[in-house]
Amino acid sequence: MGVPLHSQLRKKIKNGSDALLHFLFPTHVSHDRIPTEGIKRILVIRINYRIGNILFTTPLLRALEQRFLDAKIDVLIGASYPAPLLKGFSCVENVFDFPRKLLKNPRNAYLYIQKLRATPYDLIVNLNTGSASDRGATFLARGTYKLGFNSQDNWLPLTHVVDAPSGNVHEALKPLTLMQAFGNKPTDFPQYMDIALSQKEHEEGRKELQKRLVDQGYHWEDNVKIIGMFRDARFEKKIDNDWWKEWYLQMKQLNPTAVFVDILSPDVPEKLSQELYFLSESNLRKLGAILSQMEMFVCGDTGPMHLASASMVPTVALFKATTAELYGTLGKKDLSLSIGSHSPQEIATMVSDHYQNLL
C-alpha cells in the first residue's frame, strides 16, 4: 500500500512552508560558545504530549540549574497534565502548555502568541529540531540567544547550534549535548531523570500508600517490601494479561513475603488477580511520590516507567517492541530487559534476582 494522498499533501505543504521560511527569514547560526554572563531568564521548548518525552527534559533542566545558579527557567510543553512533574526544580518558575485546540481557534492562538512574546528571554533552548511546533515557538518567542541542534533538513530560527550526538544516545541524555554551547561536556551533569521530589512529598507518598493498602484490608508493617506493577502501554509495546499472569505467579512463588500492587489506569481498570492490592492516581506527581516508597516497580515501555525511575524507585522495564538503549531506564538500580523469546517464568526469575540484590 502506498503513502496516503493526505500524507503526501501534508508533506508537500510542510516542505513548501519550510522553503518559504528559509527565504523570508535566513538564519546565520554560530557554533561558537554562548556568553553566559547575564543569562537570568531561560525558556526551554519541548511541545509534546507524552509523559516520557516530558521527563526526558529533566536531565537538561538539572544541568541548566547547576550551570546558571541564579537563573529562572520557563518550560513550554504540550499538555497540562505532566506540568507538575517539572515543578520540583527550584529553578523552574513557569510551565506553559500548548493545547492542540489552540490551532483550531485563531483568536486564542493569537492571544497565546502575545503572551509567549511578553517575556524577553536571555536564552531560548529548542530540544527538537524535527518539530514544526517547537520551531514556530522558538521563532515567535523573544530571546537574545536561541540554541538548538544543527540541522540541514529543517528551518530553524536559531542563533547558536550544537551538532547532534552520533550513535545511539538515550533520548533523555541527548539534550545534555546542548551544554557544549557553554563550554561543558554532557557528562559534567547527572545522567538520569529526576522529578526532584521533596522530603515532605516522600513522607506524604508513604502515608498515602499505607492508607490505600489498609483500606483494602492489609495489616500495615513498617518493614513491608512492596513491588508495584503496571500493565498498560501503547500499541505494540503492550504485554498481554496472560503473560503478566504467568509472570506474577512465578514472582509470587519466588518472593512470598513481598506485597504486590497493581497500578490501574483508565485503559486497565481492573486488577490482574483478586489477591492483588491495587491503586490508581491521576495526579502524576502524587503517583510519583507513592511509587518512590516501593521496593521495586515493574512495567513495560511506557510513561509510568520513566515516572517511576525519575521518582527514584528501582525500576524494571520490560521491552517488547522498542530498544532499551534509546528509551530504557537510567537509574543506577534500574534494569531493562528485552522479553524476546524468554518465557514469563524466565523473565520473573531475572526480575526476582534483581529484587533480591536490592534487599
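Taking first residues from the range 211-239 that are free of Cβ contacts under 8 Å to residues at least 40 places away in the same chain and partners that are β-branched (Val, Ile, Thr), the Cβ contacts under 6 Å between residues at least 6 apart in sequence or on separate chains come to TRP220/VAL214; VAL224/VAL259.
Comparison of ALA79, ALA109 shows that the only residue that is closer than 22 Å to GLY143 by Cβ and either at pLDDT below 95 or outside the structural domain of LYS40 (by TED's automatic domain parsing) (or both) is ALA109.
Is the range 198-215 home to any residue that is under 28 Å from the mean Cα position of the chain (by Cα), more than 22 Å from ASP267 (Cβ to Cβ) and among the hydroxyl-bearing types (Ser, Thr, Tyr)? Taking every residue of the range 198-215 in turn, at least one turns out to be under 28 Å from the mean Cα position of the chain (by Cα), more than 22 Å from ASP267 (Cβ to Cβ) and among the hydroxyl-bearing types (Ser, Thr, Tyr). Across the range 29-60, the number of residues qualifying as hydrophobic (A, V, I, L, M, F, W, C), buried (at least 22 other Cβ atoms within 10 Å of the Cβ) and assigned to a helix (DSSP H, G or I) comes to 3. Within the range 201-234, the residues that satisfy the criterion of being among the charged types (D, E, K, R), exposed (fewer than 15 other Cβ atoms within 10 Å of the Cβ) and part of a helix (DSSP H, G or I) are GLU203, LYS207, LYS211, ASP215. Of the residues making up the range 104-147, those that are touching a residue at least 12 places away in the same chain (Cβ under 8 Å), of a type in the set (Gly, Ala, Ser) and more than 15 Å from VAL75 (Cα to Cα) are GLY130, SER131, ALA132. Is it fair to say GLY288 is modelled with pLDDT under 95, among the small types (Gly, Ala, Ser) and surrounded by 15 or more Cβ atoms within 10 Å (Cβ to Cβ)? Here the answer is no, as GLY288 does not meet what is asked.
Identify the residue in the range 110-165 that is farther than 23 Å from GLY38 by Cβ and surrounded by fewer than 14 Cβ atoms within 10 Å (Cβ to Cβ) and, among all such residues, is nearest to the chain's Cα centre (by Cα). My answer is GLY130. Just checking, does the range 157-167 include any residue being touching a residue at least 60 places away in the same chain (Cβ under 8 Å) and closer than 28 Å to PRO314 by Cβ? The answer is no, given that none of the residues of the range 157-167 is touching a residue at least 60 places away in the same chain (Cβ under 8 Å) and closer than 28 Å to PRO314 by Cβ.
The values are calculated or read from the model by the stated rules, or taken from the named source; none is laboratory data. Values in this document were obtained by computation on a predicted structure and should not be read as measured data. Ideal geometry is used to build each Cβ from the backbone, glycine not excepted, and the neighbour counts take in all protein chains shown.
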